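Comments concern the structure below.
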Amino acid sequence: MRMALKISTETLDELDCEGLVLVFFSDERPPRGLCGFADWRLNGIISRYLKEGRITGAFLEKILIPSQERVPCGRILLLGLGKSTELTYDQLYTAGYTISETITGMGWCEIALNVPSDGRCGLDVPVMTEALITGYVDFCNEDLKRCSIQLTDLLADSSNLDGVLSGLERFRRNAGETVNVDVHL
């Protein structure tokens, strides 16, 4: 299997993709990180949904919202990761798998996906990145014909770039010959 990953520290305003996937935690009100930035750009719609109980951030909760042309991607998929203090590497693997399954089901080919930044959940960024990407790729590896993903922008905060790159290198070593991931900065 061949997959192209582009590592990006660009702001959401600079993205050019079909869909944006943002992860968020149930115990962060308002949302933080890139999800918080998207919330601000969307005039607080994510915060309103949280306040109204329309979404909770529970583990694997999904909601699709329009970008309202306030970020370049047409649609935004939000994926809950549960409580930040309870997040595990196994859950990140499952989240990656679920993201891949969901976007393939929607027919998206080019997406941007964020890695949760450190300091929010107490986990190591390289291992978080490896777990998320392993799950993401494993879905496609099960049946290459069903996977629509062609290009993924992996969004990283500039302060976490080294950790994300280290995590991708860990992934590449462990995946061996089964997956050929082209990484571009």
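Computed values, structure above
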quantity	calculated
Enumeration of residues in segment 85-135 that are modelled with pLDDT of 90 or more, charged (D, E, K, R) and farther than 19 Å from residue 35 by Cβ	90, 101, 124, 130
Positions within segment 109-120 being surrounded by fewer than 22 Cβ atoms within 10 Å (Cβ to Cβ) and in a loop (DSSP other than H, G, I, E, B), in sequence order	109, 117, 118, 119, 120
Residue count, segment 85-116 (criterion: under 11 Å from the mean Cα position of the chain (by Cα) and without any contact (Cβ under 8 Å) to a residue 12 or more places away in the chain)	0
Residue in segment 73-84 that is at pLDDT 95 or above, within 17 Å of the chain's Cα centre (by Cα), part of a loop (DSSP other than H, G, I, E, B) and under 24 Å from residue 107 (Cα atoms) present	yes
Single unsatisfied condition, residue 128 versus (1) crowded, with 21+ Cβ neighbours inside 10 Å; (2) in contact (Cβ under 8 Å) with a residue 40 or more places away in the chain	(2)
Matching entry among 60, 22 (being hydrophobic (A, V, I, L, M, F, W, C), in a loop (DSSP other than H, G, I, E, B), at pLDDT 90 or above and in contact with a strand residue (DSSP E or B) (Cβ under 9 Å, 6 or more places away or on another chain))	60
Hits in segment 42-54 (condition: part of a helix (DSSP H, G or I) and out of contact with any Asp or Glu (no Cβ under 8 Å at 6 or more places or on another chain))	48, 49, 50, 51, 52
Hits in segment 18-40 (condition: free of Cβ contacts under 8 Å to residues at least 40 places away in the same chain and crowded, with 18+ Cβ neighbours inside 10 Å)	31, 38, 39
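The values are calculated or read from the model by the stated rules, or taken from the named source; none is laboratory data. Keep in mind that this is a model prediction, so the values were computed, not measured. Counting neighbours? That spans all protein chains shown, and the Cβs are built from the backbone with ideal geometry, glycine included.
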